[in-house]
Amino acid sequence: MSRQTQAIIHADAIIHNFKLLSAMAPQSTSMAVIKADAYGHGAVNVARILQHVSPHFAVAIIEEAIVLREAGVTVPIVILEGAHQPKECEMAFAHNCILVTHNEEQLRWLETCAEDRLPQVWLKVDSGMHRLGFAVNQVPGILSNYPRVLKQDTVLVTHLACADDASNTFTQTQLDTFYRMATQTGLAVSVANSPATIQWPASRNNWNRLGIAVYGGFKDESALSLLPAMTLRSSVIALRNVPQGESVGYGQTWTATQDSVIATVGIGYADGYPRHCPNGTPVFVNNARAFLAGRVSMDMITIDVTHIPDVAIGDSVELWGENVAIGEVAKAAGTIDYELMTRVSARVPRIVKYR
């Protein structure tokens, strides 16, 4: 039996989510963020799925953009971290990429480009997250000092630190700080990420950057019908009866409280399933929830299926997807859904499916 560990990428869910989020800001233009291999879903896969609905894509670094170009993706690509070396400025022009600049060294590199080899540039503004970007009070001077690089098509970009928390007033503080400066420049702006698009209408502006929610990962308190874009699944590769009082797995972290049936599943932390998932973390097999029993191994997990009749070798097991929310698994592991998506390893095939 060949190993059945796969990440099923639901193309229709990705299209649905992107269109749903875009419709929340009809006066804006939205782009899909496909950095980190499209949050683990496969950047080339997602670019092809969304090529007719997302007018731009965004990635973190130019190497990610080049992978897309080599796969035949032609729409403009925004490089969110900008150039890391001078040569990347001309590379950006050659590959029809937009560089987000966040320090003066990057601007000086761009000034060395020939006029006919100068890429479009967006300017990162630090409105309070204090990670990347120019301080708000620096922006007018920067725009004046680099007129050949920062033109009328420059977009002012900022990032919100707490947009996923609708009760945190710091988001409004950031918005007020940023807009006071931006309105004086007359330039277009890009503020909203996925949580802000959903929860902070004032953040929706010229360009929205849609990331985690495109993949169904962000859930708010509303009835927004985002669909999971990935089903991580494997299969039962062994079954055994474990008597009451016997333990399972490394460190004997799970002990049977009754005579139990334990299924071994062909997935582990080398595949990206979180090693820190505790006993009781849910999975889904034969139309029922089963639960992790014992420590996650490199290539395998063990689950308690005592309560599920007729489990057999070869039965499909969903680790997360339509029946077990990825956020539930992330919470059990003490992390966030972003990390789980992006850590699904390269040895897990991504299988794109349309309904």
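The values are calculated or read from the model by the stated rules, or taken from the named source; none is laboratory data. Keep in mind that what you see is a predicted model, and the values were worked out from it rather than measured. Because the Cβ atoms are built from the backbone with ideal geometry, glycine has one as well, and the counts that use them run over all protein chains shown. Calculation scope for accessible area: heavy atoms of the full protein, side chains included, ligands and nucleic acids excluded. Shrake-Rupley method; radii C 1.70, N 1.55, O 1.52, S 1.80 Å.
Below is a table of values for the structure above.
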quantity: Long-range neighbours under 6 Å by Cβ, at least six apart or interchain, first residue of a type in the set (Val, Ile, Thr) within the stretch 175-186, second part of a helix (DSSP H, G or I); calculated: 177/136
quantity: Test: residue in the stretch 45-59 that is under 21 Å from residue 100 (Cβ atoms) and open to solvent by 10 Å² or more (accessible area, probe 1.4 Å); calculated: yes
quantity: Pairs, first touching a residue at least 40 places away in the same chain (Cβ under 8 Å) in the stretch 52-76, second surrounded by 16 or more Cβ atoms within 10 Å (Cβ to Cβ) and of a type in the set (D, E, K, R), C-beta under 6 Å, six or more apart; calculated: 58/209
quantity: In the stretch 143-166, the residues that are open to solvent by 10 Å² or more (accessible area, probe 1.4 Å), over 23 Å from the mean Cα position of the chain (by Cα) and of a type outside the set (Phe, Trp, Tyr); calculated: 143, 144, 145, 147, 148, 150, 151, 152, 153
quantity: Single condition residue 296 does not satisfy, out of (1) farther than 18 Å from residue 279 by Cβ; (2) in a loop (DSSP other than H, G, I, E, B); calculated: (1)
quantity: Every residue from the stretch 308-348 that is in a loop (DSSP other than H, G, I, E, B) and open to solvent by 60 Å² or more (accessible area, probe 1.4 Å); calculated: 309, 310, 313, 322, 323, 334, 336, 343, 346, 347
quantity: Qualifying strands (runs of 3 or more DSSP E) (wholly inside the stretch 144-227; at least 2 residues being of a type in the set (Gly, Ala, Ser), over 29 Å from residue 324 (Cα atoms) and modelled with pLDDT of 95 or more); calculated: 188-190
quantity: Residues of the stretch 167-213 that turn out to be touching a helix residue (DSSP H, G or I) at 6+ places or on another chain (Cβ under 8 Å), open to solvent by 30 Å² or more (accessible area, probe 1.4 Å) and of a type in the set (A, V, I, L, M, F, W, C), as a count; calculated: 2
quantity: Which listed residue is over 30 Å from residue 309 (Cβ atoms) and touching a strand residue (DSSP E or B) at 6+ places or on another chain (Cβ under 7 Å), from 241, 279, 206; calculated: 206
quantity: Given (1) open to solvent by 60 Å² or more (accessible area, probe 1.4 Å); (2) farther than 17 Å from residue 7 by Cα, index of the condition residue 248 fails; calculated: (1)
quantity: Residue tally, condition in a loop (DSSP other than H, G, I, E, B) and in contact with a strand residue (DSSP E or B) (Cβ under 9 Å, 6 or more places away or on another chain), over the stretch 72-111; calculated: 11
quantity: Yes/no for residue 199 being closer than 30 Å to residue 7 by Cα and not hydrophobic (A, V, I, L, M, F, W, C); calculated: yes
quantity: Any hit, the stretch 5-23, residues being within 30 Å of residue 283 (Cα to Cα), in contact with a strand residue (DSSP E or B) (Cβ under 9 Å, 6 or more places away or on another chain), free of Cβ contacts under 8 Å to residues at least 40 places away in the same chain and open to solvent by less than 40 Å² (accessible area, probe 1.4 Å); calculated: no
quantity: Search result, residues across the stretch 113-133 that are touching a strand residue (DSSP E or B) at 6+ places or on another chain (Cβ under 6 Å) and either in a helix (DSSP H, G or I) or farther than 16 Å from residue 186 by Cα (or both); calculated: 119, 120, 126, 132, 133
quantity: Residue list for the stretch 324-355, restricted to those being within 25 Å of residue 2 (Cβ to Cβ), within 16 Å of the chain's Cα centre (by Cα) and of a type in the set (Ser, Thr, Tyr); calculated: 345
quantity: First in the stretch 242-256 and closer than 7 Å to residue 295 by Cβ, second anywhere and of a type in the set (A, V, I, L, M), Cβ under 8 Å, 6 or more apart; calculated: 249/293
quantity: Cβ pairs under 6 Å, 6+ apart, first in the stretch 283-307 and among the basic types (Lys, Arg), second at pLDDT 95 or above and assigned to a strand (DSSP E or B); calculated: 289/282
